[in-house]
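What follows draws every value from the coordinates through simple rules; no lab data is involved. Model, not experiment: these values are computed from the prediction. Virtual Cβ from ideal backbone geometry, glycine too; neighbours counted across all protein chains shown.
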Amino acid sequence: MAGGKSISKTDEEILLEYRKTGDSKLIGDLYNSYLHLVYGLCLKYLKSREESQDATMNIYEKISEKLLSAEVQHFKSWLYKVSKNHCLMELRKANPEKNAHVVMENDAVLHLNDEEDIMESRLSALDECMDELKDEQKECVKLFFLEKKSYNEVNNLTGIELKKVKSHIQNGKRNLKICLESKNVDKQVQ
């Protein structure tokens with residue numbers, strides 16, 4: 001789990017408690033665990049540190065209000081969409097003609113945005129599923145697939161026996177596939 005959150009509570013459990021109590025510390029801690037992602041997204045769109053910092057704070061205020069009543073199933077994905085939409089609206093307000101290409105509502109742009117949303121949903125689901133793997137599986141899968149290490153390199157880096165490295169990778173891959181299918185992600189792990 002991301003820093004700042006209790007190991008025993010999921011994002012959704014924290015949100016449920018927040019809706020019940022209205023305790024701003026709960027949403028503050030949860031938001032802080034994703035702050036770097038929100039800021040990075042804002043920086044990507046707004047291209048200004050100062051504007052990105054302002055946007056990051058405005059997004060926090062916006063979600064604090066929305067989350068008192070909204071039932072959010074996957075906080076990270078929802079936060080991404082809210083943050084992205086906030087940045088696009090800021091661009092539109094700042095210079096509607098110059099930034100029209102960013103928010104154009106023609107079929108091609110909508111199609112690209114849909115594909116981006118689908119990809120983001122898949123990545124978010126994969127991230128959640130990776131968190132559910134056993135530690136050794138997660139470590140071996142990350143090194144093998146994400147860092148493109150060989151079985152021997154994974155063995156050397158982790159100290160895990162070569163047979164167990166292969167087993168952890170195979171079982172981790174299978175568990176990811178099962179998890180992704182349970183989340184209705186149509187893109188299967190290769």
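Residues within the reach of a label modelled at Lys164 (point 7 angstrom out along Cα to beta-carbon, backbone nitrogen below 20 Å), restricted to segment 133-158, are 133-145, 149-158. Evaluating 6.51 cos²θ - 1.76 cosθ + 1.60 at θ = phi - 60° for every residue in segment 155-166, the Karplus couplings come out as 4, 5, 6, 9, x, 7, 3, 4, 4, 6, 4, 4 Hz, glycine and proline recorded as x. With both labels modelled 7 Å from their Cα along Cα-to-Cβ, the Leu35 to Lys20 distance reads 2.7 nm. In the structure shown, the pairs Lys66/Lys177; Lys81/Lys177; Lys66/Lys148; Lys76/Lys134; Lys47/Lys149; Lys81/Lys138 are assessed against 30 Å; a Cα-Cα span above that value is assigned to Lys66/Lys177; Lys66/Lys148; Lys47/Lys149. Between Lys81 and Glu132, the modelled labels are 2.0 nm apart [label points 7 Å from Cα along Cα→Cβ].
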